[in-house]
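Before any comments, here is the structure.
The values are calculated or read from the model by the stated rules, or taken from the named source; none is laboratory data. Not measured: the values here are computed from a predicted model. Backbone-built Cβ (ideal geometry, glycine too); neighbour counts: all protein chains shown.
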């Protein structure tokens with residue numbers, strides 16, 4: 001069963017290398033930053049950074065046309081990754097938390113029959129359902145639904161706290177569509193690797209694979225912004241030690257699959273060439289998704 005990772009902080013809450021001498025964001029006074037708007041030169045944090053032709057601009061300068069000669073409506077605010085700046089930068093994170101809570105309430109109300117119908121399972125006879133169940137039986141939906149199930153109150157508590165702390169700042173930096181793509185593909189990558197490597201009768205569930213993907217993308221983003229990487233590395237080491245520690249009953253395959261996918265997709269999100277940004281970003285997501293399909297087909301062929 002996936003367990004909750006640690007609580008790595010998002011890019012908006014990490015401190016730069018020389019925090020004592022840095023100013024604070026003019027829109028968020030509690031956040032130190034080493035980045036300034038390329039037009040008005042006011043300090044801005046990652047949540048306020050809008051990708052511009054030269055450097056980054058603050059939302060006010062972008063909405064005002066940024067002196068480009070275009071009308072304000074012609075200069076749409078963009079996130080670091082090129083997504084549209086949203087009024088509520090944590091909306092998708094809130095929806096994901098809501099979905100996880102809704103599934104957990106269904107598990108609590110309906111019981112094991114619901115959980116065993118939607119958890120990740122390769123192939124096994126399930127007495128409660130009275131039949132052989134699993135992904136190898138054509139139930140591919142389990143790769144997705146298992147991402148929204150949890151095994152205990154503590155399990156969902158830690159996962160949702162991690163999702164809030166990591167996901168919110170990352171959503172603000174990537175934009176909603178890119179953030180959704182990252183979350184879903186990383187979760188599927190974790191599920192697929194677990195299906196490929198774990199015993200076919202070993203069930204697993206949890207959002208940790210997707211959250212580890214967010215963790216990996218956050219590390220890439222912090223590196224892109226030249227933040228101090230030591231806290232991220234420390235958190236990663238702690239989480240990996242817990243993942244592989246005996247007695248925790250953790251599906252390490254889901255964690256590793258999500259983490260690797262998060263690093264790969266995260267790099268594509270924040271380092272693409274401007275002229276082909278969307279193609280590189282979504283093309284990378286498609287390649288990782290293709291790897292998910294390939295792993296699923298290979299494992300299904302082995303079990304049938």
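Observations on the model:
- Of all residues making up region 124-144, the number that are outside any strand (DSSP E or B) and without any contact (Cβ under 8 Å) to a residue 40 or more places away in the chain: 8
- In summary, residue 135 fulfils each of the numbered conditions (1) touching a strand residue (DSSP E or B) at 6+ places or on another chain (Cβ under 8 Å); (2) surrounded by fewer than 21 Cβ atoms within 10 Å (Cβ to Cβ) with the single exception of condition (2).
- Members of region 95-120 that are in contact with a strand residue (DSSP E or B) (Cβ under 6 Å, 6 or more places away or on another chain) and not in a strand (DSSP E or B): 116
- Identity of the residue in region 140-163, modelled with pLDDT under 95 and over 19 Å from the mean Cα position of the chain (by Cα), that ends up nearest to residue 297 (Cα to Cα): 151
- Selection count where residues are modelled with pLDDT of 85 or more, in a helix (DSSP H, G or I) and within 18 Å of residue 158 (Cα to Cα), scope region 242-255: 3
- Candidate set: region 103-123, residues that are over 23 Å from residue 296 (Cβ atoms) and touching a residue at least 24 places away in the same chain (Cβ under 8 Å); chosen: the one nearest to the chain's Cα centre (by Cα): 104
- Checking 80, 99, 144, 121 one by one, the residue that is crowded, with 20+ Cβ neighbours inside 10 Å and closer than 20 Å to residue 191 by Cβ is 121 and no other.
- Tallying residues that are in contact (Cβ under 8 Å) with a residue 12 or more places away in the chain and surrounded by fewer than 21 Cβ atoms within 10 Å (Cβ to Cβ) within region 241-261 yields 5.
- Residues that are modelled with pLDDT under 75, farther than 22 Å from residue 231 by Cα and surrounded by fewer than 16 Cβ atoms within 10 Å (Cβ to Cβ), drawn from region 16-69: 53, 54, 55, 64, 65, 67, 68, 69
- Going through (1) over 22 Å from the mean Cα position of the chain (by Cα); (2) closer than 14 Å to residue 299 by Cβ one by one, residue 189 falls short only on (1).
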